[in-house]
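Student: Okay, here's the structure, questions in a sec.
The values are calculated or read from the model by the stated rules, or taken from the named source; none is laboratory data. From a predicted model like this one, the values you see are computed outputs, not experimental measurements. Because the Cβ atoms are built from the backbone with ideal geometry, glycine has one as well, and the counts that use them run over all protein chains shown. Protein only, heavy atoms only, side chains kept; ligands, DNA and RNA dropped before computing areas. Shrake-Rupley method; radii C 1.70, N 1.55, O 1.52, S 1.80 Å.
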Amino acid sequence: MNALLEQFLAETKEGLQSIGEKLLELEREPDSKDLINELFRLVHTLKGNSGLFDFPEMTRVLHAGEDLMDAVRNDQVSYSDTLADRLLDMVDFIGVLSDEIAETEAISASHMEPAKQLTTGLRSLIQTGSSNAETEKEHNDNVRVCLPALQEIDGDLRMAWAEELTGNNPHHWLEYTPEAGSFFKGEDPFYLFRQVPKVKWCRVLPAEPFPALAELDPYHCNLKFQAVSSAELVELQEMFRYVPEQVVIQTITGDDLLNTAAPAAPVASISDHTQTRYVIESQLAVLSLADNADWRKGRLSAVANTLKGCLASTGHDGFQTQIDEALELGLANTNTDALKAICHAVLQRLNPVSLDSQNQDSTPSVEASNNNGEPVKAAKKNEEGQASAKTLKVDQTKIDRLMSLIGEIVVAKNSLPYLANRAENHYGSREMAREIKAQYAVINRIAEEMQDAIMQVRMMPVSFVLQRFPRLVRDLSKKLGKEVQLVMEGEDTEIDKNIVEALADPLIHIVRNSLDHGLEMPDVRRKAGKAAVGRITIKAKQESDRVLIDITDDGKGVDPHVIKMKAYEKGLIDEATLEKISDQDAVNLIFAAGFSTSETVSDLSGRGVGMDVVRNAIEKVNGSVSLQSQVGKGTQLRLSLPLSMAVTNVMIVESNQQMFGIPMESVVETVRLAKTDIHGIKHHKTAVLRGEVIPLLELNQLLGINQEQVLNEDQEIATLVIRHDGENVGVVVDDFRETVDIILKPMTGILASLGVYSGSALMGDGSVLMVLNPRELI
């Protein structure tokens, strides 16, 4: 993908987001001239940018949106919910096209019809006082305009077509009426019509009766083209994608063909470029011959001249420059691929392919040079010509690569203390050890600063993911018939980009559940003494090294009694648990897999998935989720997330002469308990720590190692106290080691299925440290 297209896609994404935000603001301030002017400017900019590329569907829709916003700012059209809905549909459609361009660098012709419908919908809102010709044309598409003309075709011919239709070979009626001023636009309607493939029948008619010869305007296009073609629908749409408002394409049915026959009309023929194809295919055969240095130059020059002459005579002048570049490239490095690519491109143009094959094999392109560098967008100039904020947009993969390199530096510098100890203890060189430690201090400082700087580059405001929720709440509340106010706070709170991206789906689940299950209908809220408009608040803030995101609604809350009964019916808890479970523990059952309180399945929720998915997704980024609710008051979900996943602080513990890492975020404290303080309750080891009874689990036993944990000289056991689901659990190990910062690498391959391990890390002495996942371990 070239630099210009990359920049276009990036600016389009930003522009669409801004348009969506301004539209939602306009709903609150429909009379704001500043918002209307800003919306017009954004749509106008996108339309102008799209015109630089061969994306007619995108340009057409944006042009209609621009005209509509121009009418709004000139007070010809008043703001309305319908207008906002149409413009938001435009935003969604352009977003779909942008995703396709990012993937294939092109737009398929299958988007022609949706683009026509959307364009018509936008233009229909412009009140001009006269009927819109384009709108009338769109309505005509729904009428069987082919019927009168088909009745004029010879009955035997129509019967033959009807038999072909039964063989699953669809036919299409095509009626092309060029604009009267098409000649002034440099268009050639007759040439375009001649390119229609697989023509069965055709004719050319006057669009209106011709005037007297003295009054005839030769520059006024007064033609109408009609044809029956057995080509695929997508081929025909591709041909006329630049003038979709001038063409009607309809699939012919058997009933259409079996109408009463009328006098036969003459059958015309259209060239199928057979001779041109033969010439191009012959040049491909020449290029495929065995290479011979004695006549290579003459052979390539002859092929290039033949292609240029053939294509010029058939109107394909656009390849002339590419042929010259391909010839120069071939003579320089004896490579004929560029000339072959041109031949294939011409053949593809002469024989339009189906949509599926377009998606699989894109048209070959020719480049005179190969540039592997990735361009970086420079700062724009504002209206006064001054440079805007000094911002450099860099691809995320480059930042990730820098992060990986920093990880390697961290590992490399961590090896220096090992070298210092080895120099002193093994080689007896204390002076050398001292110098190594001095250099380590310098390198460690630089590495930590570099690490912090790159981590700051990866930090993004949570608004990156929150910005989609005003539109989501607006659309879903309308669908549900509820009135909802969304409040967002702390949008500038920063967090690691990977965590921000992982938040999208969990937050959508939560907000959808709040809208569907949490907030009541307006009449229900009034009866309960609440405001008819429900309120959802999303608040983000940073506390220490964590980011907290609270999602609160003022709905009906979660009834623990209902949760208990549902859990019991689904077999999630037994009768004994039903009797003794606390209200908060009952509410937490919402996070159980497959749990749902909804009686019916809808497209919003009630499928037995959701909150368990939320918890799993949050835990994958080393976060946690908690829920608090009051019946009749509302519900609050709190997401607790680490600032960054780039560096993990772990405590190293020893067990069975092996080293393991445990993330410090799970560690409450480390203690050494006397053997006499260990008690047994129902065959389980426990201990009393600060007045609290905590269960004790041996790490060897948890890992399936058939060895007893080792006591120290004072007959004490090393115990790591871990917080698990709101409770403290003691994990017994052989000994504690130091805490270190590591670059955690996830497990891959068959080892990825071992959930007890979060990943691995390379230590300074070259050894591999296995990092445990406390939640799965316990």
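Student: Being in contact (Cβ under 8 Å) with a residue 12 or more places away in the chain and assigned to a helix (DSSP H, G or I) is the requirement here; does Leu52 meet it?
Tutor: Against the criterion (in contact (Cβ under 8 Å) with a residue 12 or more places away in the chain and assigned to a helix (DSSP H, G or I)), Leu52 does not qualify.
Student: Mind listing just one residue for me: the one in the range 597-628 that is out of contact with any helix residue (DSSP H, G or I) (no Cβ under 8 Å at 6 or more places or on another chain) and at pLDDT below 80 and, of those, nearest to Ile573 (Cα to Cα)?
Tutor: Gly608
Student: Pairs, please: C-beta under 6 Å, at least 6 apart or cross-chain, first residue open to solvent by less than 80 Å² (accessible area, probe 1.4 Å) and in the range 268-291, second modelled with pLDDT under 75 and in a loop (DSSP other than H, G, I, E, B)?
Tutor: Going by the 6 Å Cβ cut-off, the qualifying pairs are Thr276/Thr314.
Student: Anything in the range 708-720 that is of a type in the set (A, V, I, L, M, F, W, C) and surrounded by 19 or more Cβ atoms within 10 Å (Cβ to Cβ)? List them, or say none.
Tutor: Scanning the range 708-720 gives Ile717, Ala718, Leu720.
Student: Turning to a different aspect of this structure: Could you tell me whether Ser429 is more than 30 Å from Ile499 (Cβ to Cβ) and surrounded by 15 or more Cβ atoms within 10 Å (Cβ to Cβ)?
Tutor: Answer is yes for this residue.
Student: Can you tell me which residue within the range 633-648, out of those that are touching a Ser or Thr at 6+ places or on another chain (Cβ under 9 Å) and either more than 11 Å from Asn622 (Cβ to Cβ) or without any contact (Cβ under 8 Å) to a residue 12 or more places away in the chain (or both), is surrounded by the fewest Cβ atoms within 10 Å (Cβ to Cβ)?
Tutor: Arg638
Student: Condition first: touching a residue at least 60 places away in the same chain (Cβ under 8 Å) and crowded, with 18+ Cβ neighbours inside 10 Å. Can you find one or more residues in the range 22-33 that meet it?
Tutor: For the range 22-33, residues touching a residue at least 60 places away in the same chain (Cβ under 8 Å) and crowded, with 18+ Cβ neighbours inside 10 Å: present.
Student: Does Arg203 count as basic (Lys, Arg), surrounded by 17 or more Cβ atoms within 10 Å (Cβ to Cβ) and closer than 25 Å to Ile252 by Cβ?
Tutor: no
Student: Contact list please: Cβ distance under 7 Å, first residue in the range 78-89 and assigned to a helix (DSSP H, G or I), second residue small (Gly, Ala, Ser), pairs at least six apart or on different chains.
Tutor: Pairs that qualify, where the first residue is assigned to a helix (DSSP H, G or I) and the partner is small (Gly, Ala, Ser), are Arg86/Gly121; Leu87/Gly65; Leu88/Gly20.
Student: Filter the range 155-186 for residues that are touching a residue at least 24 places away in the same chain (Cβ under 8 Å), open to solvent by 20 Å² or more (accessible area, probe 1.4 Å) and more than 16 Å from Ile252 (Cα to Cα) and give the result.
Tutor: Across the range 155-186, the qualifying residues are Thr177, Glu179, Ala180, Gly181, Phe183, Phe184.
Student: Hey, any hits in the range 527-547 for a residue that's surrounded by fewer than 17 Cβ atoms within 10 Å (Cβ to Cβ), of a type in the set (Asp, Glu) and either under 25 Å from the mean Cα position of the chain (by Cα) or in a strand (DSSP E or B) (or both)?
Tutor: yes
Student: Among Gln451, Gln439, which is the only one that is in a helix (DSSP H, G or I) and either surrounded by fewer than 16 Cβ atoms within 10 Å (Cβ to Cβ) or at pLDDT below 60 (or both)?
Tutor: Testing whether each residue is in a helix (DSSP H, G or I) and either surrounded by fewer than 16 Cβ atoms within 10 Å (Cβ to Cβ) or at pLDDT below 60 (or both) leaves just Gln439.
Student: Against the condition open to solvent by 80 Å² or more (accessible area, probe 1.4 Å) and either modelled with pLDDT under 80 or closer than 23 Å to Glu163 by Cα (or both), how does Ala214 come out, does it pass?
Tutor: yes
Student: Which of (1) modelled with pLDDT under 85; (2) open to solvent by 30 Å² or more (accessible area, probe 1.4 Å); (3) acidic (Asp, Glu) is the odd one out, the single condition Glu489 does not satisfy?
Tutor: Just one mismatch for Glu489, condition (1).
Student: State which residue pairs qualify: first residue touching a residue at least 12 places away in the same chain (Cβ under 8 Å) and inside the range 745-765, second residue part of a helix (DSSP H, G or I) and of a type in the set (D, E, K, R) in any location, beta carbons under 8 Å apart, and separation of 6 or more residues or different chains.
Tutor: Pairs that qualify, where the first residue is touching a residue at least 12 places away in the same chain (Cβ under 8 Å) and the partner is part of a helix (DSSP H, G or I) and of a type in the set (D, E, K, R), are Gly755/Glu776; Val756/Glu776; Gly764/Lys413.
Student: Somewhere in the range 115-129, is a residue at pLDDT 65 or above, open to solvent by 60 Å² or more (accessible area, probe 1.4 Å) and assigned to a loop (DSSP other than H, G, I, E, B)?
Tutor: Checked against the condition, which is being at pLDDT 65 or above, open to solvent by 60 Å² or more (accessible area, probe 1.4 Å) and assigned to a loop (DSSP other than H, G, I, E, B), the range 115-129 yields no hits at all.
Student: Among the residues of the range 657-693, how many are surrounded by 11 or more Cβ atoms within 10 Å (Cβ to Cβ) and part of a loop (DSSP other than H, G, I, E, B)?
Tutor: Selection size over the range 657-693: 1.
Student: Residues that are over 23 Å from Lys745 (Cα atoms), at pLDDT 85 or above and touching a strand residue (DSSP E or B) at 6+ places or on another chain (Cβ under 6 Å): does the range 649-662 have at least one?
Tutor: Within the range 649-662, not a single residue is over 23 Å from Lys745 (Cα atoms), at pLDDT 85 or above and touching a strand residue (DSSP E or B) at 6+ places or on another chain (Cβ under 6 Å).
Student: Those residues that are part of a strand (DSSP E or B) and either touching a Phe, Trp or Tyr at 6+ places or on another chain (Cβ under 8 Å) or open to solvent by 30 Å² or more (accessible area, probe 1.4 Å) (or both), I need them from the range 741-756; list them, please.
Tutor: Selection gives Asp741, Lys745.
Student: Go through Gly555, Gly518, Gly529 for me and flag whichever is among the small types (Gly, Ala, Ser) and without any contact (Cβ under 8 Å) to a residue 60 or more places away in the chain.
Tutor: When all the criteria are applied, what remains is Gly529.
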